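Here's the structure we're looking at; comments come further down.
The values are calculated or read from the model by the stated rules, or taken from the named source; none is laboratory data. Keep in mind the model is a prediction, meaning the values are calculated, not measured. Positions of Cβ are generated from backbone atoms using ideal geometry, with glycine treated the same way; all protein chains shown enter the neighbour counts. Surface accessibility is based on the protein's heavy atoms, side chains included, excluding ligands, DNA and RNA. Shrake-Rupley method; radii C 1.70, N 1.55, O 1.52, S 1.80 Å.
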Amino acid sequence: MNEYTTDVAIIGFGKAGKTLAGALAKKGKTVTVIEKSAKMYGGTCINVGCLPTKSLTHSAKIIDQLSEFGIERNPEINNQFFKQAMDYKTELVTKLNKKNYHKIADLDNVTVLDGFAHFKDDHTLLVDTDTETLQVTAANIIIGTGSTAVIPDFENKQNSPHIHTSEEILELTNLPKKLGIIGAGPIGLEFASYFAEFGSEVTVYQFNDSLLPREDKDDAAATLERLEELGVTIEFNAQAKRVQDTDNGVRLTFEQNGEEKSAELNEILVATGRIPNTNKLDIEKAGVALGARGEIKVNKHLQSSVEHIWAVGDVKGGPQFTYISLDDYRIVLPQLLGEESNYNLETRRVYPTATFVDPTFARVGFNEKEATEAGKNYKVAKMPVAAVPKAQVLRETSGFLKILVDPETDLILGASFFSYEAHEMINLIALAINENISYKSLRDGIYTHPTMSESMNDLLEMI
C-alpha cells in the first residue's frame with residue numbers, strides 16, 4: 001500500500017479546500033488534497049452549481065429578449081439556442097476545472113489524489129482509487145465534502161431516466177417542451193426561470209402553499225407575479241406520489257388538496273434541498289460527532305469534536321453558499337498556522353443572499369417581518385425599479401428596491417432588492433451594514449450615471 005504523510009489532509013477540492021491548500025503550501029506546509037472525481041476540481045460551484053447555471057441564466061436571457069426586437073421564436077429555434085448554451089456551459093466548466101486543478105496541483109508542497117477518502121482513525125485516511133487503496137497520515141484534517149441533493153420518497157423515482165437532480169439536468173442535450181420541477185426553493189425557482197425563458201413550459205410543484213416563506217408577503221407576491229409573467233405555473237399543496245415513463249417522457253402523479261392528479265412531462269427536476277456528504281466517510285472511526293441531518297458538528301472555530309479535524313463548507317450544515325465556504329477558510333487558516341485571530345462563526349459578518357430568478361431577488365440583514373419579530377424600530381423606503389433610468393434603458397423594469405433603516409442611529413438594518421443587478425447592488429448594502437455606514441452616506445453618494453446603483457440617491461431620500 002502506498003503511504004503519504006502530510007501536515008494537512010484536505011478531503012474535497014471545493015472553495016474552502018482549494019484556498020486552504022494554496023495558502024498553506026505557500027507558507028511551507030505539506031498538503032494532500034483528496035477529490036473523489038476529476039470532474040469536481042474546484043468544487044460544486046464551478047462544475048455543477050453556481051457558474052454553469054449562471055451561464056445558462058445569461059444565455060436564456062439573451063434568447064428571451066429576441067421577441068422584444070420582433071424576432072419570432074419557435075421550438076426549433078429554442079432548441080438550437082439551448083444546445084449552443086449547453087455547449088458554451090460545457091466549455092466554460094472544462095476550462096475552469098482544468099485551471100483550478102493546476103492552480104493547486106502545480107504547487108511544490110501539494111499532492112492531489114483522485115479517489116474516495118474515508119477514515120481509518122483520527123489521523124489516517126484510506127483513499128480508494130480506481131486501481132488501489134492509498135493511505136494518508138496527517139497531523140490535521142479538513143473535511144470539505146460538500147452536500148448532495150435530496151430526492152423525496154415517491155414511487156419509481158429511481159427507475160426513470162427522466163428524473164434529474166440539479167447536477168444531472170445540466171447534461172440535457174435537448175430542451176424539454178414540458179419541464180416539471182418538484183420544489184419551489186431557490187434552486188427550483190432559478191431553473192424554472194431560465195428554462196421558461198429558453199422556451200420550456202415549466203410547472204413547479206410545491207408541497208405547501210408558500211413561496212419564499214422567509215420573505216415579506218409583498219416581496220414573495222411580487223416574485224410569484226414575475227414568475228407567472230415568464231410563463232411559469234406553480235402548483236401549490238402538490239405532493240409527488242409516483243412517476244411512470246411514457247413514450248414522450250414521464251407521467252407525474254401528485255396529490256393536491258386531497259385529490260390525485262397527473263401531468264404529462266418530458267423531464268422532471270427534483271429540487272427539494274441538499275444534505276451534508278458524510279454517510280460514506282466512516283466518520284465514527286475518527287470519533288467525529290454528527291448532527292441530526294448528518295452534518296459535522298463544529299464549534300465557533302469550525303473544529304469538530306476532534307480538535308485536529310475541521311469541517312468547512314456545506315458538510316458542516318448551515319448556509320450552503322460558495323462564499324460561506326470561502327469565509328470558512330478565513331476562520332480555519334490562522335489556526336493551522338498557529339496565528340492569533342478573533343474571527344470565528346460568532347464574529348462572522350453579515351452576508352447577502354441571492355435567488356437568481358429573472359430579475360434576481362437579493363437580500364441582506366433584516367426584512368420587515370424579521371425586524372418586527374425582533375422588536376426593531378425601523379423606517380422603510382421602497383420604490384419600483386421602473387423609476388430607475390438605467391432600468392428603462394435596459395428594458396429591465398420589473399421589481400422593486402426596499403431598504404430598512406434604524407431611525408435612531410441612521411444605520412441600515414437590511415435590504416431586499418428584486419431587480420436587475422440586485423445581486424451586485426446588495427453587496428454595497430452589506431458593506432454599509434458591516435462597516436456601520438449611515439444610510440445618509442449612500443443617499444448622498446455620487447454615482448456614475450446611468451447605473452442601477454444611483455437609485456440609492458432617490459430611494460434613501462424617502463427615509
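Quickly run through segment 18-36 and pick out the residues that are closer than 11 Å to Thr6 by Cβ, among the polar types (S, T, N, Q) and open to solvent by 30 Å² or more (accessible area, probe 1.4 Å). Passing the criteria: only Thr30.
Here Asp328 meets the list (1) open to solvent by 20 Å² or more (accessible area, probe 1.4 Å); (2) out of contact with any strand residue (DSSP E or B) (no Cβ under 6 Å at 6 or more places or on another chain) almost entirely, failing just condition (1).
The number of residues in segment 424-436 that are at negative phi, without any contact (Cβ under 8 Å) to a residue 60 or more places away in the chain and open to solvent by 10 Å² or more (accessible area, probe 1.4 Å) comes to 4.
Return the total of residues in segment 248-290 being of a type outside the set (D, E, K, R) and not in a loop (DSSP other than H, G, I, E, B). So the count comes out to 17. Of the residues making up segment 170-200, those that are in contact with a Pro (Cβ under 9 Å, 6 or more places away or on another chain) and buried (at least 18 other Cβ atoms within 10 Å of the Cβ) are Leu170, Leu175, Ile182, Gly183, Phe195, Gly199, Ser200.
Specify which of the listed residues (Asn279, Asn248) is farther than 21 Å from Tyr351 by Cα, under 22 Å from the mean Cα position of the chain (by Cα), open to solvent by 40 Å² or more (accessible area, probe 1.4 Å) and modelled with pLDDT under 95. It is Asn279. No other residue among Glu215, Glu132 is more than 25 Å from Lys402 (Cα to Cα) and open to solvent by 20 Å² or more (accessible area, probe 1.4 Å) apart from Glu132.
Total residues in segment 188-224 satisfying the condition of being touching a residue at least 24 places away in the same chain (Cβ under 8 Å), among the hydrophobic types (A, V, I, L, M, F, W, C) and assigned to a helix (DSSP H, G or I): the figure is 7.
Quick one: would you say Ile46 is within 30 Å of Tyr420 (Cβ to Cβ) and surrounded by 21 or more Cβ atoms within 10 Å (Cβ to Cβ)? Walk me through it before giving the result.
Details: within 30 Å of Tyr420 (Cβ to Cβ): yes; surrounded by 21 or more Cβ atoms within 10 Å (Cβ to Cβ): yes.
Yes, satisfied.
Put simply, of Glu421, Glu408 the only residue that is surrounded by 19 or more Cβ atoms within 10 Å (Cβ to Cβ) and either at pLDDT below 95 or not hydrophobic (A, V, I, L, M, F, W, C) (or both) is Glu421. Would a scan of segment 138-155 turn up a residue that is farther than 30 Å from Asn78 by Cα, open to solvent by 50 Å² or more (accessible area, probe 1.4 Å), free of Cβ contacts under 8 Å to residues at least 60 places away in the same chain and hydroxyl-bearing (Ser, Thr, Tyr)? Scanning segment 138-155 turns up no residue that is farther than 30 Å from Asn78 by Cα, open to solvent by 50 Å² or more (accessible area, probe 1.4 Å), free of Cβ contacts under 8 Å to residues at least 60 places away in the same chain and hydroxyl-bearing (Ser, Thr, Tyr).
So which residues in segment 340-383 are farther than 27 Å from Phe321 by Cα and either surrounded by 15 or more Cβ atoms within 10 Å (Cβ to Cβ) or aliphatic (A, V, I, L, M) (or both), if there are any at all? Matches in segment 340-383: Tyr378, Val380, Ala381, Lys382, Met383. Scanning segment 228-268 for residues that are of a type outside the set (D, E, K, R) and more than 18 Å from Glu155 (Cβ to Cβ) returns Leu230, Gly231, Val232, Thr233, Ile234, Phe236, Asn237, Asn248, Asn257, Gly258, Asn266. Screening Ala271 with (1) farther than 18 Å from Ile141 by Cβ; (2) hydrophobic (A, V, I, L, M, F, W, C); (3) open to solvent by 60 Å² or more (accessible area, probe 1.4 Å) gives one miss only, at (3). Got at least one residue in segment 69-80 being under 30 Å from the mean Cα position of the chain (by Cα), in a helix (DSSP H, G or I) and crowded, with 16+ Cβ neighbours inside 10 Å? There is at least one residue in segment 69-80 that is under 30 Å from the mean Cα position of the chain (by Cα), in a helix (DSSP H, G or I) and crowded, with 16+ Cβ neighbours inside 10 Å.
Do we find that His123 is in contact with a Leu (Cβ under 6 Å, 6 or more places away or on another chain) and open to solvent by 20 Å² or more (accessible area, probe 1.4 Å) in this structure?
No, not satisfied.
Restricting Gln320, Gln335 to those that are free of Cβ contacts under 8 Å to residues at least 40 places away in the same chain and open to solvent by 40 Å² or more (accessible area, probe 1.4 Å) reduces the list to Gln335. Testing Glu396 on (1) within 25 Å of the chain's Cα centre (by Cα); (2) acidic (Asp, Glu); (3) open to solvent by 50 Å² or more (accessible area, probe 1.4 Å), one condition comes back false. Which one is that? Failing condition for Glu396: (3).
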